[in-house]
1. If you rank Arg221, Arg276, Arg209, Arg37 by how much accessible surface each has, with a 1.4 Å probe, what is the order from largest down?
2. Would you kindly find the accessible area of Asp241, with a 1.4 Å probe and non-protein molecules such as ligands, DNA and RNA excluded, rounding to the nearest 10 Å²?
3. Where only protein heavy atoms count, and the probe is 1.4 Å, what is the accessible area per residue for the range 1-46 in Å²?
4. Give, as a single signed number, the net charge of other residues whose beta carbon lies under 13 Å from the beta carbon of Ser152, with Lys and Arg counted +1 and Asp and Glu -1.
5. Over the range 192-335, calculate the relative contact order: mean separation of alpha carbon pairs under 8 Å at least 6 apart, over the residue count, as a percent.
6. Largest first, how would Asp194, Asp10 line up by accessible area (1.4 Å probe)?
7. Of the listed pairs Lys213/Lys333; Lys159/Lys223; Lys296/Lys333, which have alpha-carbon separations greater than 27 Å here?
Amino acid sequence: MDYSQYKAIDFVKDESFQEWCMYPEGKQAQFWTSWTRENPHQQAEIRKAKQLIAALGESHADVSDSKIDQLWDAIQAGTRETPVASLPKSRKSILVRWSRIAAMWIGVVTALSLGIYWISNQATTVTFATAYGEVKSIALPDGSRVVINGNSSLSYREKDFNADTRIVNLVGEAFFSVSHTPDHKRFVVQTGEDMDVEVLGTKFTMTSRPMKKQVVLEEGRVKVSDSIYLNPGELVAWDADASGWREEQVQDPGRYGSFKENKLIFRKTPLQEVARVLEDTYGYRITFVNPALAGKHFTGSCAADDIPLLLRSIEKAFGIAVEENDRHIAIGKTH
């Protein structure tokens with residue numbers, strides 16, 4: 001969908017945009033947050049559309065163009081001064097004058113109320129995001145620590161940390177060290193893709209990528225998608241071929257969150273999975289010149305910011321050429 005030429009009225013009628021305005025921390029958050037940042041020329045239309053949706057409430061679905069225009073005129077009328085003409089000082093003219101002044105202030109109060117409502121809804125959501133190859137460590141209001149891997153985002157509503165359940169939303173990959181609270185508040189990580197994790201106090205690494213859904217537990221106990229309970233040293237991943245969850249025991253669960261220590265660690269890992277990490281976390285495009293190489297298992301490690309060393313290690317391990325050119329990596333290229 002090309003939103004670059006949209007006007008406010010078009011945004012108001014777009015279901016994806018409506019959902020983002022009504023649920024700023026929901027599954028549309030990553031797209032619209034990125035899109036608005038990349039399209040600064042549309043900021044004025046975005047602001048106008050958000051004000052209109054806040055004023056319309058639940059009735060925006062089937063609203064007509066004329067009603068939207070009338071509503072915007074009313075909002076605008078309330079935010080600018082209305083000149084009052086000099087009138088004869090008769091009772092009638094004074095009443096007319098005061099009625100106009102009252103109408104003006106009603107408009108101002110209405111506009112301010114809409115503005116405060118919109119701002120307060122926006123201010124309640126806190127979002128952290130990382131670029132390709134960037135790692136960011138953050139502290140949550142309850143003292144929990146989260147390390148976000150490259151090309152990922154984490155968001156939460158401040159008020160949720162004063163409620164019975166602490167809720168955060170993850171897109172991408174992150175390591176969680178969750179603090180236990182004296183009143184045993186639940187902690188839930190949501191992804192918007194049928195993979196939620198509920199914990200009390202624990203350490204785990206969670207991946208929610210287009211081609212990878214996975215949770216690896218280091219300490220404590222977690223529940224994945226309301227049905228699977230993990231103990232320390234266990235991994236659960238979505239198996240697209242089987243359309244179900246796959247569980248297994250892992251020897252070193254900490255290595256799955258090694259990015260928090262600026263490391264990349266692979267243990268008998270298929271090159272296809274190494275390629276996915278390079279694509280999802282670092283923004284490379286990977287090509288296997290010989291498709292059979294994708295299934296070969298690789299063991300090695302390097303600093304998380306030293307991708308050239310990783311590529312040289314792959315070359316030596318399999319006796320092949322690996323070339324990188326303009327964010328494209330060809331594995332098994334022949335000279």
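1. Working: Arg221 120, Arg276 30, Arg209 5, Arg37 150 Å².
Accessible-area ranking of Arg221, Arg276, Arg209, Arg37, largest first: Arg37, Arg221, Arg276, Arg209.
2. Roll a 1.4 Å probe over it and Asp241 shows about 150 Å².
3. Working: 2610 Å² over 46 residues.
On a per-residue basis, the range 1-46 sits at 57 Å².
4. Values: positive: Lys136, Arg209, Lys212, Lys260; negative: Glu134, Glu173, Asp280.
Value of the local net charge: +1.
5. Details: 236 pairs, mean separation 21.9, N = 144.
That works out to 15 percent.
6. Details: Asp194 140, Asp10 65 Å².
If we order Asp194, Asp10 from most to least accessible, we get Asp194, Asp10.
7. Details: Lys213/Lys333 30 Å; Lys159/Lys223 23 Å; Lys296/Lys333 16 Å.
Beyond 27 Å between Cα atoms: Lys213/Lys333.
The values are calculated or read from the model by the stated rules, or taken from the named source; none is laboratory data. On a predicted model such as this, the values are computed, not experimentally measured, just so you know. Reconstructed Cβ throughout: ideal geometry from the backbone, glycine too, with neighbour counts over all protein chains shown. Ligands, DNA and RNA are excluded from the accessible area calculation, which covers all protein heavy atoms including side chains. Shrake-Rupley method; radii C 1.70, N 1.55, O 1.52, S 1.80 Å.
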